[in-house]
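The values are calculated or read from the model by the stated rules, or taken from the named source; none is laboratory data. This one's a predicted model, so the numbers in the text were calculated from it and none came from an experiment. Every residue, glycine as well, gets a Cβ built from its backbone with ideal geometry; the counts of neighbours run over all protein chains shown.
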Amino acid sequence: MFIVTLYSKLIQKPIERVNVATASGRLETYQNGDRSNVYGIEIEMRKKMGKFNLDYNVSYLKSNIVISDSSSSSVVNTNFDRPLQGSTPLLSNLDVFYEITKTSNVGLTYNYSGKKLNSVGIYGLGDVYQSAQHQLNLVYNLTKEKIGLSFRVNNILNTPYVLKQMTDIGNVTINQYRTGTNFSLSVKYKF
């Protein structure tokens, strides 16, 4: 299966996270814009090759936000020409599974989410961007009659989550951490 999708959306009164300068530092709050235009293309492919199942999709998205000068908002944006907060221009997913038996399989899932606007700078503060994220997971599934067992190793690459704020002297890292790799085991029973 091979699918190509073109899309366009008009979002009325989008909600965005904004940064407000305060006496004690930086505060995050929310405000509405007038509208946002979003358009893009998505390509999806599914293929079965013997005991392997391959699923892949990639999306390219372009967005912008429109903010009126007559807005009733009490905050003033630093950058009026920018993408919609939270949208990434590039998103890609890949799943590769191998059928061990008719009732079990093992696979890898990979997700890439490009750099995106995390929060909007106001009153002269720069916009904050989140770094691109890579996530790789290992999955094992087993089904026996009414019982399903799933074992997962999540976030194997443990890509750092980095927030950088645009400033007059360049991009400054304001927060950085890793969420860690985790393991999960789930059991399902069908009645």
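Inspect region 35-53 for any residue being in contact (Cβ under 8 Å) with a residue 40 or more places away in the chain, aliphatic (A, V, I, L, M) and surrounded by 15 or more Cβ atoms within 10 Å (Cβ to Cβ) and give the result as yes or no. Yes: region 35-53 contains one or more residues that are in contact (Cβ under 8 Å) with a residue 40 or more places away in the chain, aliphatic (A, V, I, L, M) and surrounded by 15 or more Cβ atoms within 10 Å (Cβ to Cβ).
So, in region 145-189, exactly how many residues are part of a strand (DSSP E or B) and either more than 25 Å from the chain's Cα centre (by Cα) or among the β-branched types (Val, Ile, Thr) (or both)?
Of region 145-189, the ones part of a strand (DSSP E or B) are 147-154, 161-167, 170-177, 182-189.
Applying the additional criterion that residues be either more than 25 Å from the chain's Cα centre (by Cα) or among the β-branched types (Val, Ile, Thr) (or both) yields 147-149, 153, 162, 167, 172-174, 187-189.
Residues that pass the stated criteria total 12.
The set of residues in region 95-115 being under 30 Å from Ile15 (Cα atoms) and either assigned to a loop (DSSP other than H, G, I, E, B) or modelled with pLDDT under 95 (or both) consists of Gly114, Lys115.
Contact map, region 152-165: residues that are farther than 30 Å from Gly121 by Cβ paired with residues that are at pLDDT below 95, Cβ distance under 8 Å, separation 6+ or inter-chain. No pairs are found. Among the residues of region 79-94, none qualifies, meaning not one is in contact with a Lys or Arg (Cβ under 7 Å, 6 or more places away or on another chain), assigned to a strand (DSSP E or B) and either loosely packed, with under 12 Cβ neighbours inside 10 Å or at pLDDT 95 or above (or both).
Output yes when any residue across region 122-144 is modelled with pLDDT under 95, surrounded by 14 or more Cβ atoms within 10 Å (Cβ to Cβ), over 20 Å from the mean Cα position of the chain (by Cα) and under 25 Å from Leu10 (Cβ atoms), and no when none is. Within region 122-144, one or more residues are modelled with pLDDT under 95, surrounded by 14 or more Cβ atoms within 10 Å (Cβ to Cβ), over 20 Å from the mean Cα position of the chain (by Cα) and under 25 Å from Leu10 (Cβ atoms).
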